[in-house]
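The values are calculated or read from the model by the stated rules, or taken from the named source; none is laboratory data. What you are looking at is a predicted structure, and each value in this text was computed from that prediction instead of being measured. Cβ sites come from the backbone with ideal geometry, for glycine too, and all protein chains shown count toward neighbours. Side chains included, ligands, DNA and RNA excluded: accessible areas come from the protein's heavy atoms. Shrake-Rupley method; radii C 1.70, N 1.55, O 1.52, S 1.80 Å.
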Amino acid sequence: MKDVKQAAFSPGEVATMLGISRQQVYRLMRRGELDSRKIGSSRSRRIFPNHLAELVGDEEAEALARFYDE
């Protein structure tokens, strides 16, 4: 994923990209189907482009991220 401008996405942003609810994104994270990282000491989680690629594939993740950046 070379041309992705944004370093990491919130669960809400990923939900928008995938066309699913934010709760479904959290469910994917809980099940271990979508990796995420905790940011700082807060409860905030971020999904990095490589995590998204593991779920949907490299080309699809790159297209979603590029579309979201526009």
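What the table below lists for this structure:
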item	result
Within the stretch 29-66, tally of residues that are open to solvent by 90 Å² or more (accessible area, probe 1.4 Å) and touching a strand residue (DSSP E or B) at 6+ places or on another chain (Cβ under 8 Å)	2
Cross-chain or 6+ apart pairs with Cβ under 9 Å, the stretch 41-70 first and over 12 Å from SER10 (Cβ atoms), then open to solvent by 30 Å² or more (accessible area, probe 1.4 Å) and of a type in the set (Lys, Arg)	HIS51/ARG37; GLU62/LYS2; ALA65/LYS5; ARG66/LYS5; ASP69/LYS5
Subset tally (residues that are touching a helix residue (DSSP H, G or I) at 6+ places or on another chain (Cβ under 7 Å), hydrophobic (A, V, I, L, M, F, W, C) and without any contact (Cβ under 8 Å) to a residue 12 or more places away in the chain) for the stretch 13-40	1
Helices (runs of 4 or more DSSP H) (entirely within the chain) containing at least 1 residues that are of a type in the set (Asp, Glu)	11-18, 49-56, 58-69
Pick from the stretch 1-28, criterion at pLDDT 95 or above and among the polar types (S, T, N, Q), ranking: surrounded by the most Cβ atoms within 10 Å (Cβ to Cβ)	GLN24
